[in-house]
Amino acid sequence: MKKLLMGVAGTMMVLSLAACTPTKVEQVGKGETVETETVLSDGTTITTTKELPGGVTPEMLEKETVDPTAERPVDTNAELLETIMVYYPNEAGNGLTSEMVDVELMDEEVILEQLMDNGVLPYEVEINSFSVEGGMRPGPGVDPSETGSGERIGTLDLTQLTPPEGLDEKLMVYALVNTFCDNYELDKLQVLINGEVYATSLSTDGYLYPLEKYKEIN
């Protein structure tokens, strides 16, 4: 009987050790990107590259049932950060890429600094003022009247706006406008230089639009 009990105890110990043995999990998708092309009304083709979060592959994006954040432990002691999306020229200089950046607090000055660090704007540029008018964008099934005007318009007044050496004006404008529109959920952005509307061929009504809107403008 004693031998039987020792055998059972030994078996339970083996099972216990097996249960405690850590399982190695391979991280997939880190560094992978997804490219989309937008053809503008002037015939220009802009390729936008978005980097996927670690653990996510392009194939996962096609499966609605996959939740890449599921079952991830939450660190209650972690510093609370905000995430902003920054658009900047790709290495070939013929399109945009985007990157999610963690910041302590999102505001126009932080966004401007990120654009400078990524070669979109020269460091001499300063913000005179920035404001947003209109309600939040209505979600699916939500009446626009319940969220305000349903159209959010931003006004960004800068001290200057000159492309850094070697950067095409279009890419500078697209990166600037998309970064502000994405982070503030804007439908359009008016750019001013010391109070005067920024003169550019990309504006047809005094406003600049997110990249996907340009293909709708005649």
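A short reminder: the numbers here are calculations on the coordinates, not readings from a lab. Owing to the predicted nature of the structure, the values given are computational and were not obtained by experimental measurement. FYI the Cβ positions are ideal-geometry reconstructions off the backbone, even for glycines, and counts take in every protein chain you see.
Summarising the label geometry, the points placed 7 Å from Cα in the beta-carbon direction at residue 128 and residue 39 lie 4.0 nm from one another.
Computing FRET efficiency as 1/(1 + (r/R0)^6) for residue 47 and residue 212, where r is the C-beta to C-beta distance and R0 is 22 Å, gives about 0.95. Here each label is just a point 7 Å from Cα along the line to Cβ, and for residue 205 and residue 155 those points are 1.7 nm apart. Each residue of the range 179-188 was assigned a 3J(HN,Hα) from its phi angle through the Karplus curve 6.51 cos²θ - 1.76 cosθ + 1.60 (θ = phi - 60°); the sequence is 5, 6, 5, 5, 6, 9, 6, 8, 7, 7 Hz, with glycine and proline shown as x. Amide H contacts under 5 Å for residue 107: none, restricted to partners 5 or more places along the chain or on a different chain, H placed in the peptide plane at 1.01 Å from N. Label-to-label distance for residue 85 and residue 102 is 2.0 nm, based on points extended 7 Å past Cα in the beta-carbon direction.
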